[in-house]
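Values quoted throughout were computed directly from the atomic coordinates according to the rules given, and no laboratory measurement underlies them. This one's a predicted model, so the numbers in the text were calculated from it and none came from an experiment. Cβ placement follows ideal geometry from the backbone for every residue including glycine, while neighbour counts extend to all protein chains displayed.
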Protein chains: 2
Amino acid sequence: MVEKQLNLSKNQKIIFDLIDKSPEPMKAYSILFNVQKKGIKAPLQVYRALDKLVEIGKIHKIESRNAFIACQNSSCQISKTTAFSICESCEKVTEIKDNKLAKYLTNFSDNTGMNYKKYNLEFFGLCKKCKRK
Amino acid sequence: MVEKQLNLSKNQKIIFDLIDKSPEPMKAYSILFNVQKKGIKAPLQVYRALDKLVEIGKIHKIESRNAFIACQNSSCQISKTTAFSICESCEKVTEIKDNKLAKYLTNFSDNTGMNYKKYNLEFFGLCKKCKRK
DNA sequence: CTTTTAAATGTTATATTATTACATAACGTT
DNA sequence: AACGTTATGTAATAATATAACATTTAAAAG
């Protein structure tokens, strides 16, 4: 259970902390705006940190939203096999941790016999709150 | 087996035909470049047609690539439940048609009991050709 | 067949997302 | 300390996508 955060560089730490505190996915330029007071001035500084954080599995990119959330799996072992639930009304995003689903998809092989070590799955619907309205 | 294409408007038809002929996913500005000779001059004209074509299931957006491919299911009934195989080397994209997979995901319910009518799944790996190299 | 409504188009401008290129600094080994 | 690697700083620009507004076409209703 060793935290990887210790290895993060200055910019990476600043940006990870911001994303980690956010209750919702954050967009790159919103991140930029929020860290300008900490000396990060340029988009590229943000994108470089984001790239690295994605690479090491501390955050994930929600592809359909061009936004980033902190990984919810404390051990961060599934950074290449990701699944999310996205509310189409309030845009709330939750990372899905489901061993059966992960196993099913990791073992999935298509009609050519090919299988995959990496995938990204995004489910869409209405969250409980929004369903009531 | 009635083709929906009959209902397409002029711009939609031009753009669908182009994407449908392409062996690989096409990006919006590449589409724009290719249809300028047919009188479509502005990005918005492309994006509007793309939006509509996605909406009616004639094409799909590959979210991780910001690119579009024609639907491979002749009946186009699964436009809201999509799965793709993406080669990380040559970028070849194939739509996965697998009833078991579709059923599994459509019936999937997360730990809150919520389930979903819509999803997008993108698998990543190396295609047969690229694996040999 | 004409009125009405919805859908599609045309056009300009602009917003948002992301990368290229190049120079410098900090870090981890050996 | 010298070396290679990773991270940073900065400016410019590329690539992706939408807002706002005017006009036209198509479909539906009367």
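Descriptive notes on the structure:
- Cα centroid separation - region B:104-133 against region A:62-133, whole Å: 8 Å
- Per-residue ellipticity at 222 nm from helix content only, as computed over chain A with -39500 (n - 2.57) for each DSSP H run of at least four residues, stands at -10000 deg cm²/dmol.
- Chain B: relative contact order as a whole-number percent, Cα under 8 Å and 6+ apart: 20 percent
- Dipole moment magnitude, nearest 20 debye, the protein assembly as shown about Cα centre, only Lys, Arg, Asp, Glu C-beta charged: 280 debye
- For A:D98, inter-copy label distances in nm, listed shortest first [label point 7 Å out on the Cα-Cβ vector]: 1.6
- Of A:N73, B:L50, B:T82, farthest towards positive along the dipole that unit charges on Lys, Arg, Asp, Glu beta carbons give the protein assembly as shown: B:L50
- Size of region A:4-70 as Cα extents on the principal axes (Å, biggest first): 29, 25, 21
- Per-selection metrics, the protein assembly as shown (Cα): Rg and Dmax in Å: 19.8, 60
- Checking the cross-link pairs B:K27/B:K97; B:K41/B:K80; B:K38/B:K117; A:K100/B:K100 against a 26 Å limit on the alpha carbon distance flags B:K41/B:K80; B:K38/B:K117 as lying beyond it.
- Dipole-positive endmost among B:V35, B:T94, A:I59 within the protein assembly as shown (Cβ charges, Cα centre): B:V35
- Semi-axes of the equivalent ellipsoid of chain B are 27, 20, 13 Å, computed as sqrt(5λ) over the eigenvalues of the C-alpha gyration tensor in descending order.
- In plain terms, the residue of B:C87, A:C90 with the fewest other Cβ atoms within 10 Å comes first and the most crowded comes last, giving A:C90, B:C87.
- Cα gyration tensor shape of region B:81-127, rounded if a/c is under 1.5, else prolate or oblate by comparing a/b with b/c: prolate
- Local net charge near A:A42, Cβ-Cβ under 15 Å (Lys/Arg +1, Asp/Glu -1): +4
- Charge dipole magnitude, Cβ of K and R +1, D and E -1 - chain B, Cα centre, debye nearest 20: 360 debye
- For A:N111, inter-copy separations between label points set 7 Å beyond Cα along the Cβ vector come to 3.6 nm, shortest first.
- The ranking of B:F84, B:F68, B:F108 from fewest to most other beta carbons within 10 Å of each one's beta carbon is B:F108, B:F84, B:F68.
- Calculated label separations, B:K129, copies of the chain, 7 Å along the beta-carbon direction, nm: 4.8
- Each other residue within a Cβ distance under 14 Å of A:I96 adds +1 if Lys or Arg and -1 if Asp or Glu, for a net charge of 0.
- As a proxy for reagent exposure, A:D51, B:D17 were ordered by neighbouring Cβ count within 10 angstrom, fewest first; the result is A:D51, B:D17.
- Under the convention that each Lys and Arg Cβ holds +1 and each Asp and Glu Cβ holds -1, the size of the dipole of region A:81-132 around its Cα centre is about 300 debye.
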